[in-house]
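See structure below.
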Amino acid sequence: MLTTGSVRVFERQLRVYKTLWRGSVLSHFAMPLMFLGAMGVGLGPIVDARTRSVGGVDYLTFIAPGLLAFMIAQSAAAEALWPVMAGHKWLGFYHGTAATPIEATEVFSGYMLWLAAYGSLIAALFVAAAALLGGVSSLWAPLAIPAAVLGALCFACPFAGFAMNRENDFAFSALLRLVVMPTAMFSGTFFPVSQLPAWLRSVVLLSPLYHSIELCRAAMTGHARSFAALVAHVSFLVALIGVTSLWARVAFRRRLAL
């Protein structure tokens, strides 16, 4: 819920980012250029020569939406771990914030609002880089930005709650390697989910990244299975964000109780 307190938390994050934005924008534009250049332009022609198309499109067009959703989710997941730990443990500024009229749950909602805005910026830079390399074939491509952000928040919300319940960051790297990375490998990022065994496809349906990638791919290629499928993908992501947000709010309230 958007409140005055959450807007103030968002404003704080924005002021911090204003001192760092130049390097951030440059790196988040250069990274997809290099990655898409290597995977799409370098590897893509080899794949296209052998298979002609992947999912009905050339490999660069296929892989760009998957990499978009994955990179935004990975960034949001990391931002929901170490910075949150800094807020309540290492630097403790969350406690100072909660000592004001701003409530603990507003600290969480304000930070998630910031991650959504930050993710939107990164996603916009990615889409621009993909378009520059020829990986965008639809005017609906800007809709991939909110689609990627929805998927990213599905990781950020529970990860932020997890970070608030920890006293150290020992498990954070393992969480990224054992949860986010495997999810990316089997959610349609690099190859169609139809290539997986039937039992594994059923498991993949529980992955928020799969639903985010499907939405991004529909937007950037202009092709979707059906309107009902798009609604189902969005509904799944919104429901997951809602459920994990409730748990994270409880974690923030307990940790910042004065």
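With n ≥ 4 as the cut-off for DSSP H runs, can you work out [θ] at 222 nm for the chain, using -39500 (n - 2.57) per run divided by the number of residues, rounded to the nearest 500?
Rounded to the nearest 500, it is -22500 deg cm²/dmol.
Would you mind computing, in nm to one decimal, how far apart the modelled labels at M34 and S173 are, each placed 7 Å from Cα along Cα→Cβ?
2.0 nm
Keeping all protein chains in place and using 1.4 angstrom, which order do R201, R225, R8, R249 fall into by accessible surface area, from largest down?
So the residues, ranked largest to smallest area, are R225, R8, R201, R249.
What is the chain's relative contact order, in percent, from Cα pairs under 8 angstrom and six or more apart in sequence? The partial results should precede the final answer.
Working: 347 pairs, mean separation 75.4, N = 258.
Over the chain, the number comes to 29 percent.
Tell me the angle of helix 208-221 to the major Cα principal axis of the chain, expressed in degrees between 0 and 90 and rounded to the nearest ten.
50 degrees
Looking at the square roots a ≥ b ≥ c of the eigenvalues of the Cα gyration tensor of the range 1-50, which shape do they give, rounded for a/c under 1.5, prolate if a/b is larger than b/c, or oblate? Each step should come with its number before you reach the end.
On the way: a/c = 10.19, a/b = 2.66, b/c = 3.84.
Oblate is the answer for the range 1-50, as a/c is 1.5 or above yet b/c matches or exceeds a/b.
Extension gain S120-V234, at 0.36 nm per residue separation less the Cα-Cα distance, in nm?
Result: 39.4 nm gained on full extension.
Helix 104-133: angle to the longest alpha-carbon principal axis of the chain, degrees 0 to 90, nearest 10?
Helix 104-133 sits at roughly 20 degrees to that axis.
What accessible area per residue, rounded to a whole number of Å², is obtained for the range 40-177 using a probe radius of 1.4 Å?
Numbers: 5460 Å² over 138 residues.
For the range 40-177, the solvent-accessible area averages 40 Å² per residue.
First compute the accessible area of the chain with a 1.4 Å probe, then give the percent of it belonging to carbon and sulfur atoms. Walk me through the numbers before you get to the answer.
Numbers: 8550 of 12510 Å².
The value for the chain is 68 percent carbon and sulfur by accessible area.
Please give the length that would be gained between L14 and R225 if that part of the chain were fully extended, namely 0.36 nm times their separation in residues minus their C-alpha to C-alpha distance (nm, one decimal).
72.2 nm
Can you send over the solvent-accessible area of T4, 1.4 Å probe, protein chains only, in Å² to the nearest 10?
100 Å²
Given axes a ≥ b ≥ c from the Cα gyration tensor, I'd like to know whether the range 122-212 is rounded (a/c under 1.5), prolate (a/b larger than b/c) or oblate.
Since a/c reaches 1.5 but b/c is at least a/b, the shape of the range 122-212 is classed as oblate.
Pairing the Cα long axis of helix 59-79 with the longest principal axis of the chain, what angle in degrees results, from 0 to 90 and rounded to the nearest 10?
With rounding to tens, the tilt is 10 degrees.
The values are calculated or read from the model by the stated rules, or taken from the named source; none is laboratory data. All of these numbers come straight from a predicted model, not from anything done at the bench. Using ideal geometry, Cβ is built from the backbone for each residue, glycine included, and neighbour counts are taken over all protein chains shown. The protein model used for the area step is the full one, side chains on, heavy atoms only, and it has no ligands, DNA or RNA in it. Shrake-Rupley method; radii C 1.70, N 1.55, O 1.52, S 1.80 Å.
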